[in-house]
1. Restricting the search to the stretch 170-182, which residues are part of a strand (DSSP E or B) and surrounded by 23 or more Cβ atoms within 10 Å (Cβ to Cβ)?
2. Name the one entry in 90, 11 that is of a type in the set (A, V, I, L, M) and closer than 28 Å to residue 143 by Cα.
3. Would you mind stating whether residue 196 is at negative phi, β-branched (Val, Ile, Thr), free of Cβ contacts under 8 Å to residues at least 40 places away in the same chain and assigned to a loop (DSSP other than H, G, I, E, B)?
4. Criterion first (touching a strand residue (DSSP E or B) at 6+ places or on another chain (Cβ under 7 Å) and among the polar types (S, T, N, Q)) does residue 45 satisfy it?
5. Within the stretch 132-148, how many residues turn out to be closer than 24 Å to residue 213 by Cα and either open to solvent by 50 Å² or more (accessible area, probe 1.4 Å) or in contact with a Ser or Thr (Cβ under 6 Å, 6 or more places away or on another chain) (or both)?
6. For the stretch 76-98, enumerate the residues that are in a strand (DSSP E or B) and under 20 Å from residue 160 (Cα atoms).
7. (1) more than 15 Å from the chain's Cα centre (by Cα); (2) surrounded by fewer than 22 Cβ atoms within 10 Å (Cβ to Cβ): which one isn't true of residue 152, the others all being true?
8. Would you check which residues across the stretch 49-58 are surrounded by fewer than 22 Cβ atoms within 10 Å (Cβ to Cβ) and either part of a strand (DSSP E or B) or β-branched (Val, Ile, Thr) (or both) and list them?
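The values are calculated or read from the model by the stated rules, or taken from the named source; none is laboratory data. In this text, all values refer to a predicted model and were calculated from it rather than measured experimentally. Here the Cβ positions follow ideal geometry from the backbone for every residue, glycine too, while neighbour counts run over all protein chains shown. In case anyone asks, the SASA skips ligands and DNA or RNA and just uses the protein heavy atoms, side chains included. Shrake-Rupley method; radii C 1.70, N 1.55, O 1.52, S 1.80 Å.
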Amino acid sequence: ADIGFNVFGELDTVALAAHCGSSDGFVSKWYDQSGNSNTAAQTATADMPKIYDGTTGVVTDNGKPAFTSTGQTSLNFTQISDINSVFSVLRPTNFNGIYSSYILGDSSNYDYHAGPSGQWLDNVHADVVVKNGDNYLNGTSVNLTTLNRSAGQYVLSMIHTANTVVASQISADRNIAGRSWIGNRQELIIYSDDKTDQRTDIEENINSYFNIYS
């Protein structure tokens, strides 16, 4: 079923619940809202993230719908090869996995390579323009190669030093099992240009909706 928006411009959770009923529901398509028609999709049921629980209802995080993963999942989109800025709302639940919980992935590249013991990024394998860029969690500058994922809901902002980064998966690493994002995801915005000057405005816009930090 294609689940759209309600009169408030939010996910139509009533339609989602009506479709799923007492069964679990999973995301087969996350529709691109940019106008570029680059929808992220998955045809293998076992690899789809969960968005509805047949017992408890719509999966939410801080009161807003989310899709969640406890294992190998991936939504695939047409490869973007000129990524410069990334903003995402997510909650990690795996804090020390080996090269696990990729922010973004690709079928053959590993520009967003996760760290060996729970770090957001790997200091060796992550692309230099990603790890050396300006990275923020909830508006605070961080070093993602030394910082481990920890409990919490975050607005992740990444301004790369160049627009040469590649991704085509949310968020598996190539075809290597066990490296998908573990936890919740609620929003993903990808830009091919440098959003340094607009970063705080974008963060504030996101946070005004999700109400993550003050």
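1. Initially, the stretch 170-182 is screened for residues part of a strand (DSSP E or B), giving 170, 173, 176.
170, 173, listed by residue number.
2. Values: 11 fails: closer than 28 Å to residue 143 by Cα.
Result of the check over 90, 11: 90.
3. Details: at negative phi: yes; β-branched (Val, Ile, Thr): yes; free of Cβ contacts under 8 Å to residues at least 40 places away in the same chain: no; assigned to a loop (DSSP other than H, G, I, E, B): yes.
It is false that residue 196 is at negative phi, β-branched (Val, Ile, Thr), free of Cβ contacts under 8 Å to residues at least 40 places away in the same chain and assigned to a loop (DSSP other than H, G, I, E, B).
4. Numbers: touching a strand residue (DSSP E or B) at 6+ places or on another chain (Cβ under 7 Å): yes; among the polar types (S, T, N, Q): yes.
It is true that residue 45 is touching a strand residue (DSSP E or B) at 6+ places or on another chain (Cβ under 7 Å) and among the polar types (S, T, N, Q).
5. Filtering the stretch 132-148 down to residues closer than 24 Å to residue 213 by Cα leaves 133-148.
Now drop any that are not either open to solvent by 50 Å² or more (accessible area, probe 1.4 Å) or in contact with a Ser or Thr (Cβ under 6 Å, 6 or more places away or on another chain) (or both), which leaves 133-134, 136, 140-141, 143, 146-148.
Total meeting the criteria: 9.
6. Step one: of the stretch 76-98, the residues in a strand (DSSP E or B) are 76-83, 85-92.
Listed by number, the residues that qualify are 79, 80, 81, 82, 83, 85, 86, 87, 88, 89, 90.
7. Just one mismatch for residue 152, condition (1).
8. Filtering the stretch 49-58 down to residues surrounded by fewer than 22 Cβ atoms within 10 Å (Cβ to Cβ) leaves 50, 53-58.
Hits for the stretch 49-58 are 50, 53, 55, 56, 57, 58.
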